Amino acid sequence: MTTKTTVVGQRVTRVDAWEKTTGRARYTADINLPGMLHAKIKRSPHAHARVLRLDTHLAEQLPGVKAVLTCFNVPRKLHAGQPEPRASSLVPDQYILTDTPCFRGDGVAVVAAISEEVAEDALGLIDVEYEVFPAVFDAEEALRDGAPSVHGTERNLVMPPAIIASGNVEAGFAEADFIFEGRYSTSRHIPAFLEPYVCICRPESDGNLTVWSSTQAPFMVRGSLSEVLGIPMSNIRVLSEHMGGGFGAKQDLYQLEYLTVLLARQTMRPVKMEFTRAETFIAGRSRHPVVIELKQGVKRDGTLTARKARYISNSGAYGSHGPGVTWVGSSMLGSLHKCPNVYIEGLCVYTNAPIAGAFRGYGAPQAYFALETQMDEIAEALQIDPIELRLKNLFQVGDIGPAGTPFESVELGECLRRGAERIGWKNRRPVGSSPGTLKRGIGFACQLHSATAFPDTKEVASALVVANEDGTIQLRIGAADLGTGAKTVIAQIAAEELGVRYEDVRVVAGDTDSVPYDLGAYASRTTFIVGGAAQRAAASAKAQVFALAAQKLSVDASELEALAGLIWVKDAPERKTTFQELLTPVRNEKIPIIIGQGEFSPKNDYSFAAQFAEVEVDAETGLTRVLKLIAVHDIGKAINPASAEGQVEGGLHQGLGYALMEDMVVDPISGRTLNPNFVDYKLFTAEDMPEMQVDFIESGDKVGPFGAKGVAEDSVCPTAPAILNAIYNATGVRVRELPASAEKILAGLEFNQKEVRP
């Protein structure tokens, strides 16, 4: 539970604030090394094909070209007798370069040259002849008999169906007084981070490799490079100090990591590859487009009796994080509201569309769009207040959550009550009753999230705390900082636990040669899990420092307290010492070596939120303007309130775009991406943003550091359904397909007008 703190809970200055505000922070793209070459990928113009002939002769003769690799000469096997290693993070289904491209943009060759311009010219000189195959871009079509086969799997499935089941769903429907069914679909949502994918590899004189990568998971990059390329892991150092955003989409590998290493080893020169913005769209990762078929049974009083659903996820050309996203999305469909009888089938499907992958929320935003939309539909049909319907089916402390462990705290009810008061829920107008052309309405949606959503997966993090001789602290963590302020929050946790000043903690991260192993920065796990490891490492170091202090002050260590670097006897505060006095080496005495280590592998972390939206819809154009967003989150404990508020506000921005306009459009005939840039892919700007109010419920959590839970993923999950429920309240138009464009709303208004005519 929460305890009184002095550093935790404060709005401290970020540890990287000076570097970033002065422009001194070096992102991977900022690094330029002597003799560095630049690499570019030759991409397939076909969505599904086979390379019959590939001629690189002219490209190799172009002045300035130093190396050309193709799908026919990059590694395919580690050594005789071993299976073919594939270049990917979760699903081993992708090669470094391929002779059978499965989406329009798949890499077939690569060039390294003295400049990007020369490399681009060389790509145009590579002559490729293809045999073109039939392609499929829609997940439901890909499941049908006779559909083109992307990878030869049954029904184009990436994995066997994910099944989430409890109770007897058919018996539950038999008990129901009413049954509701609906079909909901979501868009191809892009992370839209400012820093594109970029990687640099430098061969060192000792035969080792230094790799700079804009990645959320440096150890994953190191491990995959070692496995796929057959290089000893100890010979690879991965650096990722600063990142310009990731949102989950930088926890995969994108071919450029392997290619820069191969080219650097071949040329013995540093090689850099930086995707263009178009490449980041086309060959990066999007949110999975999902179709959800949802059926629920309820009693007259609103009690849920059964829930059955199919979660059909379009993974695109390769699996990437598709299995995990499908599992989490299916799991979330079976959670949030207490329902005794559940059967969810999750289908992750290959198509010849661009690859979908990990993106903030990891399958949950799609699930909650369907679930919270239909819950509002049920409430209206039963003439029950939508908030009361949620409260009636609310989980309680001790109930079992989707990760298979009990809820330690559930404050969703309080989230709903606070949000309802702020939005003026009691004054909400009946559906479609707003006068005039500009129709106003309010709506809300809820969410549950877990950083440990996989029952059989061990989430683990480690940390080291090293005390310097001047009393300052080095905190070494394996997690990367995406730009979220993670290093700041972890430093606050360590400083609080140790009893030192926040300013005296220096964080070392993003260097696989200097920090302990970590799975990566994703799934709202950094504050919760890495913070837990840092707290334990700090506690270990503190015990060692207290042992020195106890010896000096002639007391038992249990009698000591520490704050701001000062250590004193509880009952005799005049008897004191400092970290610096204890740690400064003295000639002819033993040098104090203080190294604390900690590991944290929790079983669960359930956080809740309710978000409310007020919208204004122009009934003549269908254009929606969001006037206000209110987000109330059960955060456990805000380690740094400013950082937590920033996380939620960023999530609201992404959720707003997801609701109303963001969609990477793929031509259903050719598979060509039609809007791979920030001109044609529409994003809300700062000027477009509505009023945002963020409120935290700090109930404390028995598991997390100082009672903290995760918040980053939660913030995007309920935004879209809250906005679309508000649109329905304003207009009577129910949009079940994201994004809710003006055209869709206008069509709904026109349809409603036809329905009421005699």
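Computed extension gain for Leu194 through Gln266, at 0.36 nm per residue and net of the alpha carbon distance, reaches 22.8 nm.
Local charge sum around Cys201 (other residues, Cβ-Cβ under 9 Å, Lys/Arg +1, Asp/Glu -1)?
On the way: positive: Arg202, Arg265, Lys272; negative: Glu257.
Its environment carries a net charge of +2.
The share of alpha-carbon pairs in region 318-396 lying farther apart than 23 Å comes to 32%.
Placing unit charges on the Cβ atoms of the charged side chains and taking the dipole of the chain about its Cα centre, the candidate lying farthest along the positive direction among Thr731, Val679, Pro270 is Pro270.
Region 498-554 and region 108-126 have Cα centres spaced 46 Å apart. Annotation: amide H of Val665 within the under-5 Å range of Leu674, Asn675, sequence separation 5 or more or interchain, hydrogens built in the peptide plane.
Express the Stokes-Einstein translational diffusion coefficient of region 155-215 in µm² s⁻¹, to the nearest whole number, given a Kirkwood radius over alpha-carbon pairs, 4 °C and a viscosity of 1.567 mPa s. Translational diffusion coefficient: 69 µm²/s.
Over region 213-349, the hull volume per residue, using the convex hull of the C-alpha atoms, is 157 Å³.
Of all DSSP beta bridges located in the chain, what percent are antiparallel, nearest 5?
Numbers: 95 of 123 bridges.
Looking only at bridges with both residues in the chain, the antiparallel portion is about 75 percent.
Summing +1 for each Lys or Arg and -1 for each Asp or Glu among the other residues whose beta-carbon sits under 13 angstrom from that of Ser558 gives -2.
Given in Å, the Rg to one decimal and the Dmax to the nearest whole number for the Cα atoms of the chain are 27.4, 101. In terms of distances greater than 22 angstrom between alpha carbons, the cross-link table entries Lys392/Lys702; Lys295/Lys338; Lys487/Lys552; Lys4/Lys338; Lys392/Lys628 yield Lys392/Lys702; Lys487/Lys552; Lys4/Lys338; Lys392/Lys628.
For Arg269, neighbours were defined as the other residues whose beta-carbon sits under 14 Å from its Cβ, and their charges (Lys and Arg +1, Asp and Glu -1) total +3. Which is farthest toward the positive dipole end of the chain among Phe546, Ala112, Val665, measuring Cα position about the Cα centre, with Cβ charges +1 (Lys, Arg) and -1 (Asp, Glu)? Of the listed residues, the answer is Phe546. Only helices enter this figure: runs of n ≥ 4 DSSP H residues, each worth -39500 (n - 2.57), summed and divided by the residues of the chain, yield -8000 deg cm²/dmol at 222 nm to the nearest 500. With θ taken as phi - 60° and the Karplus curve 6.51 cos²θ - 1.76 cosθ + 1.60 applied, the whole-hertz 3J(HN,Hα) list for region 354-368 is x, 6, 9, x, 6, 7, 2, x, 6, x, 6, x, 5, 5, 6 Hz, x standing for glycine and proline. A simple rule links phi to the HN-Hα coupling: the Karplus curve 6.51 cos²θ - 1.76 cosθ + 1.60 with θ = phi - 60°, which for region 295-301 gives 9, 9, x, 9, 7, 4, 8 Hz, with x for Gly and Pro. If you wrap the tightest convex hull around every Cα atom of region 694-758 and split its volume per residue, you get 124 Å³. Of all aspartates and glutamates in the structure, the ones whose alpha carbon falls short of 19 Å from that of Lys682, not counting any fewer than 8 places away in one chain, are Glu195, Glu279, Glu649, Glu662, Asp663, Asp667, Glu737, Glu743. Bridging of Lys272 to lysines at a Cα separation below 18 Å is possible for Lys40, Lys42, Lys66, Lys250, once same-chain residues fewer than 8 apart are set aside. Here the chain is treated with +1 on each Lys and Arg Cβ and -1 on each Asp and Glu Cβ, and its dipole about the Cα centre works out to around 400 debye.
The alpha-carbon of Lys570 sits under 18 angstrom from the alpha-carbons of these aspartates and glutamates, leaving out residues fewer than 8 places away in its chain: Glu496, Glu497, Asp556, Glu559, Glu561.
None of the figures in this text is laboratory data; all of them are computed from the coordinates on show. Bear in mind that the values here come from a model prediction, so they are computed numbers and not experimental data. Every residue, glycine as well, gets a Cβ built from its backbone with ideal geometry; the counts of neighbours run over all protein chains shown.
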